[in-house]
Amino acid sequence: MAGLNGKAPYQSRRTFAIISHPDAGKTTLTEKLLLSGGAIRAAGQVRARGERRRARSDWMKIEQERGISVSSSVMTFERKGIVYNLLDTPGHEDFSEDTYRTLTAVDAAIMVIDAAKGIETQTRKLFEVCRLRDIPIITFVNKIDREGRHALEILDEVQEALALDVSPQTWPVGMGSDFFGVYDWQQKKFHTSEGERGGAYAETRDVSGLEDEILTATVFDRIMDELTENVELGAEGYAEFDRESFLEGHLTPVFFGSALRDYGIEEVLDFIAAFAPPPHSQPATGGRTIMPEEDKVTGFVFKVQANMDPKHRDRIAFVRLCSGTFKRGMKLKHVRANKQIAVSAPIFFFAEEREIADLAYPGDVIGVPNHGQLRVGDTLTEGENIHVTGLPAFAPEILRRVRLSDTMRVKQMRQGLQDLAEEGLVQIFKPDLGSNWIVGVVGALQLDVVVDRLKAEYGTEIGFEAVPYNTARWIETDSQTLQKMIEAHRMSIANDRDDKPVFLFKNAWEVGHVTEKFPDVTFRETREIVYEA
Ligand code: G4P
């Protein structure tokens, strides 16, 4: 289906996430990107169907009370003919698998770095996930309106710490109290404030180069000298932008900016429009590769969120479309369950609103309300029996035994945990010995959410106890070896929610020891969520 400019609509989609360490400025940048998008609604794609305001639930209350976003969401906006789908990843220090999985649904990411702090732990973790998937990264060095590290030092750090080629696109013109703006040396533009130095971005001025009077007449000599040196060293010492290398995830373009003062926002959006990839192909079972230009609709669930009314246990499955043109009311095959579902009330997500989605294209994310049928990793098709592959489940870093206050409620507790596991919030392990389930999470915050939700939605109060294990690995081996392992290490063997065997380890030493003892066994840190077609 051709769009206005003769291109298929999916080619104008840019689906991306922002990754950063808490406090680097992700929220501020997100807001500024949305503002720059002006209208937050994709014209012609949606039709407002009255105000579908949802009741606030306990679930949202947790988010509110803690002033964090526990769950990721999607923000769509349109600017200069490009539809941007920004998938939010929780910015809290303590994050969950949601964050990782959200990255399976994007085609590019902006990495925000605080100019004073450089690469921090969470940025690095999230970066590694992007690298695993070869997601192209755009680097935004934020807060240059404050005293920060030297631009060259930051570039070197990104290059060395992340083993990436860096290609500076803009340079700071001074920092902190000497901040004059941003110089775009490729386009020869000077982004600056009006009047007083260090003010918010007000205008972009074309300049002939670094000798231009527009620069030399306003910027202190010493800052000009430094800028000239940076640009010269930058031209020699860093990579020229190469799109292929960027798309393969080997090179990152770097923008210096200030989200707070509006520097760098337009440049990053223009860059994404010009160079970030439109929706990519998606691998699926049976060696199949789903191409965005295919006629038939396919999509996969990368996240499930409990919806707003805990009593009804309704859920929103976030579906990333991979191919075809989705139309409201379509019947899609839920491949795992081998059932047709009529998608009659799909939702588009805007900053603060939800609207019914009448039409959606590859790269778009629609919310599909359901009562728990749809799980993370599920595939929807127009009939084909395939499953999208590549969605990881991660080895938990925190394991706890579940303690139930009222033993009469075992059934409800198990149902609740099973549901939450299917949502992807928590992993459950059923020990080979003993009846108390063990839960595993990647971040401690998830444990609080499990307690709150079991209480609110399943009327069940639980607590957690320490266990002697601190990590788990999925076991892959033949049944004979598995049997031998079970005999030797019965206490440490459990089954996950899909009855896949797992080894619970006490510490890193034990991982090494057992791995050596059983050379025919593969111990996996991640398990790909793949349902048999
Ligand atoms: P996060 O989502 O990555 O956690 O960061 P967030 O945007 O909340 O920003 C963290 C703090 O950094 C905020 O200050 C914010 O105002 C500030 N900030 C973000 N971008 C810039 C920038 O470009 N320049 C400067 N100077 N500051 C920036 P705060 O004091 O924690 O909050 P607030 O009270 O100012 O809102």
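Here is how the numbers come out for the structure above:
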item: Stretch gain in nm, segment LYS500-LYS188, where the contour uses 0.36 nm per residue and the Cα spacing is subtracted; result: 106.5 nm
item: Sequence-separation-based contact order of segment 282-381, relative, with Cα cut under 8 Å and 6+ spacing, percent; result: 33 percent
item: Surface per residue (accessible, 1.4 Å probe) for segment 392-528, Å²; result: 48 Å²
item: Cα-Cα over 20 Å, subset of LYS117/LYS303; LYS7/LYS333; LYS296/LYS339; result: LYS117/LYS303; LYS7/LYS333
item: Packing rank of 454-467, 99-112, where each peptide gets the mean count of other beta carbons within 10 Å, highest leading; result: 99-112, 454-467
item: Count of lysine pairs in segment 392-528 with Cα separation under 22 Å (8 or more residues apart, or interchain); result: 12
item: Nearest-0.05 FRET efficiency for GLU147 and ALA274, computed from C-beta distance (R0 35 Å); result: 0.60
item: Förster radius 25 Å - calculated FRET efficiency between SER177 and ALA217, Cβ distance, rounded to 0.05; result: 0.80
item: Computed [θ] at 222 nm, helices only, for the chain once each DSSP H run of length n ≥ 4 contributes -39500 (n - 2.57); result: -7500 deg cm²/dmol
item: Spacing of the two label points (7 Å from each Cα toward its C-beta) at ALA116 and LYS327, in nm; result: 5.6 nm
item: Amide H contacts of THR252 (H built 1.01 Å from N, under 5 Å, at least 5 apart or other chain); result: ASP165, VAL166, SER167
item: Relative packing of peptides 267-279, 328-340 - highest average C-beta neighbours within 10 Å first; result: 267-279, 328-340
item: Relative contact order (%) - segment 81-187, alpha-carbon pairs under 8 angstrom, separation at least six; result: 21 percent
item: Projected area averaged over orientations for the chain, convex hull of C-alpha atoms, nm²; result: 26.6 nm²
item: Accessible area (Å², per residue) of segment 230-292, counting only protein heavy atoms and a probe of 1.4 Å; result: 41 Å²
item: Cross-link reach list, aspartates and glutamates versus LYS32, counting only Cα pairs under 17 Å and skipping chain neighbours closer than eight places; result: ASP23, GLU78, ASP88, ASP114, ASP145, GLU203, ASP262, GLU266, GLU267, ASP270, GLU352
item: Accessible surface of segment 117-244 [probe 1.4 Å, protein heavy atoms]: carbon and sulfur percent; result: 43 percent
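The values are calculated or read from the model by the stated rules, or taken from the named source; none is laboratory data. Predicted model only: the values in this text are computed from it and were never measured. Backbone-built Cβ (ideal geometry, glycine too); neighbour counts: all protein chains shown. What goes into the accessible areas is simple: the full protein's heavy atoms, side chains included, and nothing from ligands, DNA or RNA. Shrake-Rupley method; radii C 1.70, N 1.55, O 1.52, S 1.80 Å.
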